[in-house]
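The next block holds one structure in the form of structure tokens; read it before the comments.
The values are calculated or read from the model by the stated rules, or taken from the named source; none is laboratory data. Everything numeric in this text was worked out from a predicted model, so none of it was measured. When we count neighbours, we look across all protein chains shown, and the Cβ atoms used for this are built from the backbone with ideal geometry, even at glycine. Quick note on the areas: whole protein, heavy atoms, side chains included, nothing else; ligands and nucleic acids left out. Shrake-Rupley method; radii C 1.70, N 1.55, O 1.52, S 1.80 Å.
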Amino acid sequence: MKIPNTPTNSSTITGFILLGFPCSREGQILLFVLFSAIYLLTLMGNGSIICAVCWDQRLHTPMYILLANFSFLEIWYVTSTVPNMLANLLSDNKVISFSGCFLQFYFFFSLGSTECFFLAIMAFDRYLAICWPLHYPTLMNGCVCTYLVVSCWVLGFLWFLAPIVIISQMSFCGSRIIDHFLCDPGPLLALTCTRVPVIELTSSTLSSLLLFIPFFFITGSYALVLRAVLKVPSAAGQRKAFSTCGSHLAVVSLFYGSVMVMYVSPTSEHEAGMQKIVTLFYSVVTPLINPIIYSLRNKDMKHAMKKLLGV
């Protein structure tokens with residue numbers, strides 16, 4: 001791998017070098033094929049859910065409308081990192097422009113923030129459907145669903161805006177090498193001319209709030225759901241109620257289980273290899289697995305998928 005001369009003057013830095021996954025040329029090509037296949041399967045899986053929800057009238061309910069929006073989000077979430085990662089795998093210099101780096105930084109974290117909010121309102125939807133079944137059509141009507149969806153997107157794209165703008169205005173000195181496959185705040189802050197603890201603390205605090213507020217909301221919603229389900233007299237009724245929540249709980253566990261490892265504490269405290277593995281899991285692997293989870297565990301979705309595919 002060729003790495004250009006590393007400037008020492010901050011004024012000469014016009015971009016960064018994303019090391020990605022240092023290995024032999026053959027290894028880079030193998031990773032390119034692997035991640036290309038994952039990316040295409042992710043687009044196909046999430047795209048299929050969107051098409052199924054759009055074309056099947058029975059799925060025009062808040063639960064599936066939220067799921068279609070979530071799948072749309074996943075497509076953009078994986079697109080914010082994988083195409084650039086694929087280009088870097090075939091590149092000799094691994095350079096990403098300064099503006100390109102911070103645009104990726106912004107969209108990756110904004111889409112990740114939006115995902116946290118979406119997981120929360122999907123849990124809220126299940127709470128209303130199971131705990132307030134008679135009032136559900138009124139409580140979760142089309143206007144409320146639209147409002148919640150728009151709120152998720154707006155909040156997600158505003159959450160990290162101020163820290164990202166501030167970091168982009170800072171001076172970077174010495175090495176411009178980022179030992180990662182994307183522009184992450186930890187490695188970026190390590191390249192600044194002077195460490196600014198306030199920015200690091202703000203970034204860590206916002207990350208923690210973003211994770212824990214929706215997580216506690218989800219936990220509270222499912223605690224109330226569990227209490228309501230246990231009051232259902234028939235075992236069949238309990239299984240049906242749990243089946244509507246099982247897919248979402250699996251997705252929440254996958255996403256939060258990996259993200260909390262990285263962003264509850266500052267990323268600079270983790271080894272570079274661990275950063276890449278964990279980030280790869282929640283940014284690339286989970287968007288691939290999520291459509292499979294929702295398709296396999298939901299009868300209506302399986303029926304719609306078969307209808308879509310003409311099976």
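Just a few scattered comments:
- Qualifying residue in the stretch 183-191 (condition: crowded, with 21+ Cβ neighbours inside 10 Å and either under 22 Å from V251 (Cβ atoms) or of a type in the set (K, R) (or both)): no
- Taking every residue in the stretch 78-102 that is among the polar types (S, T, N, Q) and pairing it with any residue that is open to solvent by 60 Å² or more (accessible area, probe 1.4 Å) and not in a loop (DSSP other than H, G, I, E, B), at least 6 positions away or on another chain, the pairs with Cβ-Cβ distances below 7 Å are S80/F107.
- Exactly one residue among S80, S48, S71 is more than 18 Å from V259 (Cα to Cα) and open to solvent by 10 Å² or more (accessible area, probe 1.4 Å), and that residue is S48.
- Residues satisfying the stated conditions in the stretch 14-27, i.e. touching a Gly at 6+ places or on another chain (Cβ under 8 Å) and open to solvent by less than 10 Å² (accessible area, probe 1.4 Å): G15
- Of residues in the stretch 152-178 being touching a Phe, Trp or Tyr at 6+ places or on another chain (Cβ under 8 Å) and of a type in the set (V, I, T), the one farthest from C193 (Cα to Cα): I164
- Residue among I49, I17 that alone is within 21 Å of the chain's Cα centre (by Cα), at pLDDT below 95 and on the phi < 0 side of the Ramachandran plot: I49
- Of all residue pairs spaced 6 or more apart or on separate chains, those with beta-carbon atoms under 6 Å, a first member in the stretch 128-140 that is of a type in the set (S, T, Y) and a second member that is open to solvent by less than 100 Å² (accessible area, probe 1.4 Å) are Y136/L128; Y136/A129.
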